[in-house]
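The values are calculated or read from the model by the stated rules, or taken from the named source; none is laboratory data. None of these values were measured; they are calculated from a predicted model. Don't worry about glycine lacking a Cβ; one is built from the backbone with ideal geometry, like all the others, and counts go over all protein chains shown.
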Amino acid sequence: DSGVTQTPKHLITATGQRVTLRCSPRSGDLSVYWYQQSLDQGLQFLIHYYNGEERAKGNILERFSAQQFPDLHSELNLSSLELGDSALYFCASSAYMENTGELFFGEGSRLTVL
Amino acid sequence: GENVEQHPSTLSVQEGDSAVIKCTYSDSASNYFPWYKQELGKRPQLIIDIRSNVGEKKDQRIAVTLNKTAKHFSLHITETQPEDSAVYFCAASMNNFNKFYFGSGTKLNVKP
């Protein structure tokens with residue numbers, strides 16, 4: 001158990017809909033990263049938050065947005081869903097300390113868009 | 001931005017043999033290179049990492065080498081075992097850890 005909790009584990013929805021994925025980082029971790037993993041694909045970096053502030057953006061679509069709340073949990077909002085958005089969405093947290101860059105991944109939220 | 005390329009995409013070895021996975025990166029500012037192992041249906045987990053001030057690092061049967069000049073780094077697994085079967089991802093980041101760019105993954109199959 002990595003200590004990172006993601007909900008829901010599975011989600012099935014229709015094209016055009018909007019969903020919210022939730023992530024609770026490990027206790028004490030200030031950084032949250034979101035990644036998208038499509039079938040048989042690598043991990044595509046979406047966005048990184050540190051202590052409530054956006055730190056870096058990757059290949060995140062304009063239809064997607066995220067935020068990190070004062071209690072450090074994060075949400076990834078996906079709107080106007082398309083079939084191609086079907087993927088496993090991972091959240092990872094990190095202590096963001098100078099001497100360690102280890103990412104602790106959650107179990108992922110599997111999104112299926114029909 | 002950073003581009004990390006990983007080869008091969010699949011690798012099949014006999015138990016006891018060695019396996020080598022190679023990655024290249026494009027941004028010379030990257031200086032932290034972790035490797036993650038993802039077992040089927042599981043989350044990725046860090047297995048080893050290396051920083052740019054080190055050329056090689058070992059941890060039991062696994063080792064990572066880094067060539068900063070050529071901008072490539074490799075994962076070496078010796079005496080492979082069936083439980084090493086998984087997808088392995090390399091990644092690159094700068095010291096600020098703002099972004100981690102992952103390679104496309106290598107599916108390693110260790111045949112008993």
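Restricting B:Asn53, B:Asn96, B:Asn109 to residues that are farther than 25 Å from B:Val13 by Cβ and in contact with a strand residue (DSSP E or B) (Cβ under 9 Å, 6 or more places away or on another chain) narrows the list to B:Asn96. Applying the selection to the stretch B:41-59, what residues are assigned to a loop (DSSP other than H, G, I, E, B) and either at pLDDT 95 or above or within 10 Å of chain A (Cβ to nearest Cβ) (or both)? B:Gly41, B:Lys42, B:Arg43, B:Pro44 - these are the residues of the stretch B:41-59 that are assigned to a loop (DSSP other than H, G, I, E, B) and either at pLDDT 95 or above or within 10 Å of chain A (Cβ to nearest Cβ) (or both). For the stretch B:12-46: of the residues being surrounded by 18 or more Cβ atoms within 10 Å (Cβ to Cβ) and among the aliphatic types (A, V, I, L, M), which is farthest from B:Asn95 (Cα to Cα)? Out of the qualifying residues, it is B:Ala19.
So, in the stretch B:42-58, exactly how many residues are acidic (Asp, Glu) and in contact (Cβ under 8 Å) with a residue 12 or more places away in the chain? Before the answer, list the steps.
The initial filter retains those residues of the stretch B:42-58 that are acidic (Asp, Glu), namely B:49, B:56.
Remaining after also requiring in contact (Cβ under 8 Å) with a residue 12 or more places away in the chain: B:49.
Total satisfying the criteria: 1.
How many residues does the stretch B:60-77 contain that are buried (at least 16 other Cβ atoms within 10 Å of the Cβ) and either of a type in the set (Val, Ile, Thr) or within 14 Å of chain A (Cβ to nearest Cβ) (or both)? Summing the residues that are buried (at least 16 other Cβ atoms within 10 Å of the Cβ) and either of a type in the set (Val, Ile, Thr) or within 14 Å of chain A (Cβ to nearest Cβ) (or both) in the stretch B:60-77 gives 4.
No other residue among A:Glu53, A:Glu107, A:Glu82, A:Glu62 is loosely packed, with under 13 Cβ neighbours inside 10 Å and within 14 Å of chain B (Cβ to nearest Cβ) apart from A:Glu53.
Among the conditions (1) at positive phi; (2) in contact with a Gly (Cβ under 9 Å, 6 or more places away or on another chain), A:Cys23 misses just one, which is (1).
Would it be correct to say that A:Ile60 is of a type in the set (Val, Ile, Thr), in contact with a Phe, Trp or Tyr (Cβ under 9 Å, 6 or more places away or on another chain) and modelled with pLDDT of 95 or more? If you could, list the steps in order and put the result at the bottom.
Values: of a type in the set (Val, Ile, Thr): yes; in contact with a Phe, Trp or Tyr (Cβ under 9 Å, 6 or more places away or on another chain): yes; modelled with pLDDT of 95 or more: no.
So A:Ile60 fails the test.
At least 2 residues being among the polar types (S, T, N, Q) is the threshold, and among the strands (runs of 3 or more DSSP E) wholly inside the stretch A:3-99 those reaching it are A:5-7, A:19-24, A:31-37, A:64-68, A:74-78, A:87-94. Residues in the stretch B:78-112 that are more than 9 Å from every other protein chain (Cβ to nearest Cβ) and buried (at least 22 other Cβ atoms within 10 Å of the Cβ): B:Tyr88, B:Cys90, B:Ala92, B:Thr106. Can you confirm whether B:Leu75 is touching a His at 6+ places or on another chain (Cβ under 9 Å), outside any loop (DSSP other than H, G, I, E, B) and hydrophobic (A, V, I, L, M, F, W, C)? Taking the combined requirement at face value, the residue does not satisfy it. Within the stretch B:27-41, residues that are among the hydrophobic types (A, V, I, L, M, F, W, C) sit with their Cβ atoms under 6 Å from residues that are at pLDDT below 90, at 6+ positions apart or across chains, in these pairs: B:Ala29/B:Met94.
Only one entry of A:Arg55, A:Arg18 meets the criterion of being of a type outside the set (Phe, Trp, Tyr), in contact with a Ser or Thr (Cβ under 8 Å, 6 or more places away or on another chain) and at pLDDT below 95, and that entry is A:Arg55. Scanning the stretch A:1-29 for residues being within 11 Å of chain B (Cβ to nearest Cβ) and surrounded by 16 or more Cβ atoms within 10 Å (Cβ to Cβ) gives a total of 3.
Of everything in the stretch A:21-48 that is modelled with pLDDT of 95 or more and aromatic (Phe, Trp, Tyr), the residue that is nearest to A:Gly101 (Cα to Cα) is A:Tyr33.
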